[in-house]
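Engineer: Once you've had a glance at the structure underneath, I'll fire off some questions.
Just so it is clear, none of the values below were taken in a lab; they were calculated from the coordinates. Just so we're clear, the structure is a prediction, and the values are computed from it rather than from any experiment. Here Cβ is always computed from backbone atoms with ideal geometry, including for glycine, and neighbour counts include all displayed protein chains.
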Amino acid sequence: MAKAKPLKILIVEDEPLLVMDVEMMVEDSGHQVIGDAASLGEVEALTLASEPDLVFVDMQLAKGSNGLDVSALVQRRWPEAFIVYVTANPRMIPEDFAGGHGVIAKPFSRTGFLAAMRYLEEGIIAPPPSIARPVDFVGARALDAWQVAT
Amino acid sequence: MVLQKDDWHLTELLHHEHGRGDPFAAAVRATRMAMCITNPALPDNPIVFCNEAFQRLTGYDREEIIGQNCRFLQGPDTDKAGIDKVRKCIAEGSDVAIDLLNYRKDGTTFWNALYLSTVRGENGEIKFYFASQLDVTSRIEAKAAVEEQRDVVEREVARRTAQLEEALAAKTLLLHEVDHRVKNNLTMIGALLRLQSRQLDNPEMARKLEIMMERIDALATVHRRLYQSNDVTRFDIAGFAETLASDVIASSGRSDITLESAIEPIDISSEFASSLGLILNEILTNAIKHGLDGRRGSIRLSAVKSNGTSVITVEDDGHGIVLGKSDGGLGKTLITRLSKQADAKVAWVRLDQGTRVTLTMASSA
């Protein structure tokens, strides 16, 4: 399915400051945050006006839930969505990314996050991206096709 | 104990082969090695001869010995498998050498290195069994003591190893926990600054806050790269410089700036990772923001190790600005103070077009 700017983005993160921060950077990049959730339960309870194109998922979430379970839920509910983990604990992510597409490691810089956002935007809307993969973004195998043309 | 100098003639059976007055028989009687002879032709294969040493070793008198089967030396703690082996060899007519726990008349025990062999007649039939006994208690006990000591040491080593492994696991968990918290806090500090910077009306303040954010981002990147590697004591400063350069260019939104990078890994002590990381941040942001302000261009990054020193060079083909004063000179102060701490030198050279900055580090840094 063709995706267009602005991308619709869901943020799953239990730290409100970071939700605000990521939301601002997403909007600075010209995209739209359509929702946020702090736990697996909140993702289950979400009613979204439209399907997200991209979901940012923290690993350690509220109420003892974790990013891998959220990832599995997102894949069932919105199979078209790209999933990018945003975590201080990248070692918790299995080698196959559990169906996710990439990782942005915490602590991220504004520059690093914006660079990753631009790369994801190009890759999602019109793959492959014209820019090289930013060093702060680790792509899953699923994104290997994006690498070839760059 | 009664010593009987004429013992030998009491055992008529000896005469069968040796005869009275035989010097060999005399030697057997007098040797320090305990010896006995049994006759399988008699019921229950009894002892028909024993020498004085055998009497001394077992504590029995001759009268008590003669006519007994050798098993009279066995007791409750004598190894059953060892006894079976002796029986089997007797049945087969083969020789046997074995250590057995035996009992003296007074109930005390001794380790008996038993050697049993057959004495055959002209037709090959077994006439007698000849047995020699040697008290090897001290050897067996020494061996047992060594084994016991070894077991004690092994148990202690296993116990200490388990304790250390447990302690290491706890420390590793703690390190991961602390690392996770430091990362989360750095992320929060960054988020707070980014959120505050949006609320500032004063462009001069906003610009200074942005510079501050870049410094904190640089520190965050140092921490992240340090804990991503397998060795937290070393830090690849060249790889960091490349990451930072591409980050700063990407975030500037300047697609007219290209990065040409030719680096080899330069490992420094993690002690200086933050200092050198901040220095590189000042150099790179200066080149990109001021050196190439308002004009297209390129940043050339190189990292080379040679003869005990490592050199990172950042070159731009821009305005040829040595160091921006835009942040009130803090950048220059940071470079001066931090390079002194990290035993590094920073040199600025104005080129025909642009600026070259070299960061020279002692390899042991």
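Engineer: Please compute the net charge surrounding B:Q196, taking Lys and Arg as +1 and Asp and Glu as -1 over other residues with Cβ under 14 Å from its Cβ. Numbers along the way, then the final one.
Structural biologist: Details: positive: A:R110, B:R194, B:R198, B:R207, B:K208; negative: A:D21, B:D201, B:E210.
Neighbourhood net charge equals +2.
Engineer: With the dipole of the stretch B:129-249 worked out from charges on the C-beta (+1 for Lys and Arg, -1 for Asp and Glu) around the Cα centre, which of B:G239, B:V157, B:A170 lies farthest toward the positive end?
Structural biologist: B:G239
Engineer: With only Lys, Arg, Asp and Glu charged, each at its Cβ (+1 for the first two, -1 for the last two), find how big the charge dipole of the stretch A:8-146 is about the Cα centre; round to the nearest 20 debye. All intermediate terms of the calculation are to be shown ahead of the outcome.
Structural biologist: Values: 10 positive and 21 negative charges, 61 e Å.
For the stretch A:8-146, the charge dipole is close to 300 debye.
Engineer: Mind grabbing the base-10 log of I(q)/I(0) for the protein assembly as shown at q = 0.07 Å⁻¹? Debye formula, identical points on the C-alpha positions, no solvent, two decimal places.
Structural biologist: Reported log10 I(q)/I(0), two decimals: -0.55.
Engineer: Any idea how far the Cα center of the stretch B:96-115 sits from the one of the stretch A:82-150, in Å?
Structural biologist: Each part's Cα centre sits 79 Å from the other's.
Engineer: Hey, another quick one. What list of ³J(HN,Hα) values in whole Hz, one per residue of the stretch A:131-140 in order, does the Karplus curve 6.51 cos²θ - 1.76 cosθ + 1.60 (θ = phi - 60°) give from phi, with Gly and Pro shown as x?
Structural biologist: Karplus values, whole Hz, x for Gly and Pro: 9, 5, 5, x, 5, 7, 10, 9, x, 7.
Engineer: When we measure straight from the Cα of B:K143, which lysines land under 21 angstrom away, once same-chain ones fewer than 8 places off are left out?
Structural biologist: By straight Cα distance, B:K143 reaches B:K80.
Engineer: Using the Karplus curve 6.51 cos²θ - 1.76 cosθ + 1.60 with θ = phi - 60°, what ³J(HN,Hα) values do you get for each residue of the stretch B:283-298, in whole Hz, with x for Gly and Pro?
Structural biologist: These are the phi-based 3J(HN,Hα) values: 5, 6, 5, 4, 5, 6, 7, 10, x, 10, 5, x, 9, 6, x, 9 Hz.
Engineer: Work out from phi, with θ = phi - 60° and the Karplus expression 6.51 cos²θ - 1.76 cosθ + 1.60, the ³J(HN,Hα) of each residue of the stretch B:330-345, listed in order in whole Hz, and give x for Gly and Pro.
Structural biologist: 5, x, 5, 4, 4, 4, 4, 6, 6, 5, 4, 4, 8, 6, 10, 10
Engineer: Among B:T313, B:T31, B:T221, which one shows the biggest mean-square fluctuation in a GNM of chain B, springs joining Cα atoms closer than 10 Å?
Structural biologist: Looking only at B:T313, B:T31, B:T221, the largest GNM fluctuation is found for B:T31.
Engineer: I want the local charge near A:L40. Using Cβ-Cβ distances under 9 Å, sum +1 for each Lys or Arg and -1 for each Asp or Glu among the other residues. All intermediate terms of the calculation are to be shown ahead of the outcome.
Structural biologist: Values: positive: A:K63; negative: A:E42, A:E44, A:D69.
Here the charged neighbours net out to -2.
Engineer: Compute the separation of the alpha-carbon centres of the stretch B:47-93 and the stretch B:238-261 and state it in Å as a whole number.
Structural biologist: 93 Å
Engineer: Here's another thing I want to ask about it. Name the residue, out of B:K171, B:K332, B:K127, whose mean-square fluctuation peaks in a Gaussian network model built on chain B with Cα pairs under 10 Å.
Structural biologist: B:K127
Engineer: I want the local charge near B:K80. Using Cβ-Cβ distances under 15 Å, sum +1 for each Lys or Arg and -1 for each Asp or Glu among the other residues.
Structural biologist: On the way: positive: B:R71, B:K85, B:R87, B:K88; negative: B:D77, B:D79, B:D84, B:D99.
Neighbour charge sum, excluding B:K80 itself: 0.
Engineer: Whose amide H sits under 5 Å from the amide H of B:N69, counting only residues 5 or more places off or on another chain, with H placed in the peptide plane?
Structural biologist: For B:N69, whose amide H was placed from the backbone, the distant partners under 5 Å are B:I47.
Engineer: Dipole size in debye (nearest 20) for the protein assembly as shown around its Cα centre, Lys and Arg Cβ +1, Asp and Glu Cβ -1? If you can, show how the numbers build up before the last one.
Structural biologist: Details: 57 positive and 73 negative charges, 244 e Å.
The dipole magnitude comes to about 1180 debye.
Engineer: Placing +1 on the Cβ of each Lys and Arg and -1 on the Cβ of each Asp and Glu in chain B, which of B:Q68, B:N39, B:A53 has its Cα farthest towards the positive end of the resulting dipole?
Structural biologist: Sorting the options by dipole projection puts first B:A53.
Engineer: Which of the residue pairs A:K3/A:K63; B:K305/B:K340; B:K88/B:K127 have a Cα-Cα distance greater than 25 Å in the structure shown?
Structural biologist: Numbers: A:K3/A:K63 33 Å; B:K305/B:K340 20 Å; B:K88/B:K127 18 Å.
Correct reply: A:K3/A:K63.
Engineer: What distance in nm separates the simple spin-label points at B:R159 and B:S252, each placed 7 Å from Cα in the Cβ direction?
Structural biologist: 6.6 nm
Engineer: Taking loop as defined by DSSP and a crowding limit of 13 other beta carbons within 10 Å, which trypsin sites (Lys or Arg not before Pro) in the stretch B:259-313 fit? Could the numbers behind the result be given before it?
Structural biologist: Numbers: sites: B:K289, B:R295, B:R296, B:R300, B:K305; in loops: B:R295, B:R296.
For trypsin sites (Lys or Arg not before Pro) across the stretch B:259-313 that sit outside H, G, I, E and B with at most 13 neighbouring Cβ atoms in 10 Å, the list reads B:R295, B:R296.
Engineer: Additional query: Assigning unit charges at the beta carbon (Lys, Arg +1; Asp, Glu -1) and nothing else, what dipole magnitude in debye, to the nearest 20, does the stretch B:35-192 show about its Cα centre? List each step's numbers first, then the result.
Structural biologist: Values: 20 positive and 25 negative charges, 84 e Å.
Here the stretch B:35-192 has a charge dipole of around 400 debye.
Engineer: Under a 10 Å cutoff between Cα atoms, tell me which one of A:G67, A:G35, A:G100 has the largest fluctuation in the Gaussian network model of chain A.
Structural biologist: In the Gaussian network model the winner is A:G35.
Engineer: Could you work out [θ]222 nm for chain B from helices alone, using -39500 (n - 2.57) per DSSP H run of at least four and dividing by all its residues? Round to the nearest 500 deg cm²/dmol. Kindly include the intermediate steps, with their values, before the conclusion.
Structural biologist: On the way: 10 runs with 167 residues, N = 365.
Roughly -15500 deg cm²/dmol at 222 nm, from the helical runs in chain B.
Engineer: Would you pull out the residues with amide H under 5 Å of A:Q60's amide H, same chain only if 5 or more places away, H placed 1.01 Å from N?
Structural biologist: A:G67
Engineer: Related question: Give me, ordered by chain and number, the residues 5 or more places off A:R133 or on other chains with an amide H under 5 Å from its own placed amide H.
Structural biologist: none
Engineer: Could you list the GluC sites (Glu not before Pro) in the stretch A:66-150 that lie in coil according to DSSP, counting only those with at most 12 other Cβ atoms within 10 Å of their Cβ?
Structural biologist: Numbers: sites: A:E80, A:E95, A:E121, A:E122; in loops: A:E80, A:E95.
Listed in order of number, the matching sites are A:E80, A:E95.
Engineer: Could you point to the residue in A:T87, A:S65, A:P128 farthest towards the positive end of chain A's charge dipole, with +1 and -1 charges on the Cβ of Lys/Arg and Asp/Glu respectively?
Structural biologist: A:P128
Engineer: Would you kindly enumerate the cysteines in chain B that have no other Cys beta-carbon under 4.7 Å from their beta-carbon?
Structural biologist: Flagged as lacking a Cys partner: B:C70, B:C89.
Engineer: Other chains' Cβ within 10 Å of A:100-108 residues: what's the mean? Kindly include the intermediate steps, with their values, before the conclusion.
Structural biologist: Working: counts 0, 0, 0, 0, 0, 8, 9, 17, 10.
Mean partner-chain Cβ count within 10 Å for A:100-108: 5.
Engineer: Work out, step by step, the length gained on full extension between B:T31 and B:R234: first 0.36 nm times the residue separation, then minus their alpha carbon distance; give nm to one decimal. If you can, show how the numbers build up before the last one.
Structural biologist: Values: separation 203, 0.36 × 203 = 73.08 nm, distance 7.53 nm.
Fully extending the segment from B:T31 to B:R234 adds 65.5 nm.
Engineer: Scan chain B and report its longest stretch carrying no GluC sites (Glu not before Pro) that are both in a DSSP loop and have at most 12 other Cβ atoms within 10 Å. Before the final figure, lay out each step's value.
Structural biologist: Values: sites that count: B:E122, B:E125.
Result, exposed sites excluded: B:126-365.
Engineer: How would you classify the stretch A:8-146 from its alpha-carbon gyration tensor, with a ≥ b ≥ c the square roots of the eigenvalues: rounded for a/c under 1.5, else prolate if a/b is greater than b/c, otherwise oblate? The partial results should precede the final answer.
Structural biologist: Values: a/c = 1.32, a/b = 1.27, b/c = 1.04.
Rounded is the answer for the stretch A:8-146, as its axis ratio a/c remains below 1.5.
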